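Reviewing the structure listed below.
The values are calculated or read from the model by the stated rules, or taken from the named source; none is laboratory data. The shown structure was predicted, so the numbers you read here are calculated from the model rather than taken from an experiment. In this analysis, Cβ positions are derived from the backbone assuming ideal geometry, glycine residues included, and neighbour counts consider all displayed protein chains.
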Amino acid sequence: MLGAGAIAGATALGAMARAAGGKSTPRAGQGEEDVGPGEDLMREHGVLRRVLLIYAEVGRRLESSVDADVNLNLAAVQRSAKLIRRFIEDYHERQEEEMVFPRFERAHRLVELVNVLRAQHQAGRRVTERIQGLATATGVKSGDGRRRLRGELASFARMYEPHAAREDTVLFPALHQIVSASEYDALGEDFERREHKVFGEDGFEHAVSEVDDVERSLGIEDLAQFTPRA
């Protein structure tokens, strides 16, 4: 079950991103703004955190032995897991592993943290594979199958809540300390080029749109419903 940390982390995302991303400058000929590599990675964590909320909601529903919306919930899990695989594991984490982590290793800074983060990436991919295998009509037909799926959803969230928070508050801010301003800006440009190469234009926006659709399918799109009652 997700705690308040996921929601608080999402709320703090913008503030931390501004701190790590530096000033934004308009793109030539466009009204959009560039973002630094720290902010780019942090906002992608926002997509991850919203999927964690989806996983928590489906896990809560699976606690019921009779679930009239089981197919809807399984579809939400499968769509979310595919997004995690495509946008987080095969893109976001690959960028960290290929373009961020090696810089810390070469600088001999936060190497122990980087080792843990890298190992958690591998663990997360294994959990995603198990989630995709369990989130089927056959997989949740028995009570044991439902418990296993709930367990995998919960273990994914339990790891990635602190994982993303540690990157946002420790690793990404420290990137400024090990690279020059020009290298930091160039890294942001590399991120943007890779995003366009992998997803075309507006890859991040498409990922957010996908999360929006899944949230609406579950009826959890209204942020106000998460506000504690007085």
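Scanning segment 95-154 for residues that are β-branched (Val, Ile, Thr), assigned to a loop (DSSP other than H, G, I, E, B) and exposed (fewer than 14 other Cβ atoms within 10 Å of the Cβ) yields a single hit, Thr138.
Here Asn73 fits the description: over 18 Å from the mean Cα position of the chain (by Cα) and under 25 Å from Glu205 (Cα atoms).
For Arg158, indicate whether it is part of a helix (DSSP H, G or I) and either over 18 Å from Ile84 (Cβ atoms) or over 17 Å from the mean Cα position of the chain (by Cα) (or both).
For Arg158, the condition - part of a helix (DSSP H, G or I) and either over 18 Å from Ile84 (Cβ atoms) or over 17 Å from the mean Cα position of the chain (by Cα) (or both) - is not met.
Suppose we filter segment 177-228 for residues that are of a type outside the set (Asp, Glu), assigned to a loop (DSSP other than H, G, I, E, B) and at pLDDT 90 or above; how many remain?
Filtering segment 177-228 for residues of a type outside the set (Asp, Glu) gives 177-182, 184, 186-188, 191, 193-194, 196-200, 203-204, 206-209, 211, 214, 216-220, 223-228.
Remaining after also requiring assigned to a loop (DSSP other than H, G, I, E, B): 179-180, 200, 219-220, 227-228.
Then keep just the ones that are at pLDDT 90 or above; that gives 179-180, 219-220, 227-228.
So the answer is 6.
Cβ-Cβ distances below 9 Å connect the following pairs, each with a first residue in segment 211-223 that is farther than 13 Å from Ala75 by Cα, a second residue that is basic (Lys, Arg), and a separation of six or more residues or different chains: Asp212/Arg50.
Just to be sure I understand, how many residues within segment 199-230 are farther than 28 Å from Gln95 by Cβ and among the acidic types (Asp, Glu)? Even if it seems obvious, please write down each step before you answer.
Going residue by residue through segment 199-230, those that are farther than 28 Å from Gln95 by Cβ are 216-230.
So of that shortlist, the ones also among the acidic types (Asp, Glu) come out as 221-222.
Selection size over segment 199-230: 2.
Screening Ala157 against (1) touching a residue at least 60 places away in the same chain (Cβ under 8 Å); (2) surrounded by fewer than 17 Cβ atoms within 10 Å (Cβ to Cβ) leaves a single unmet condition, (2).
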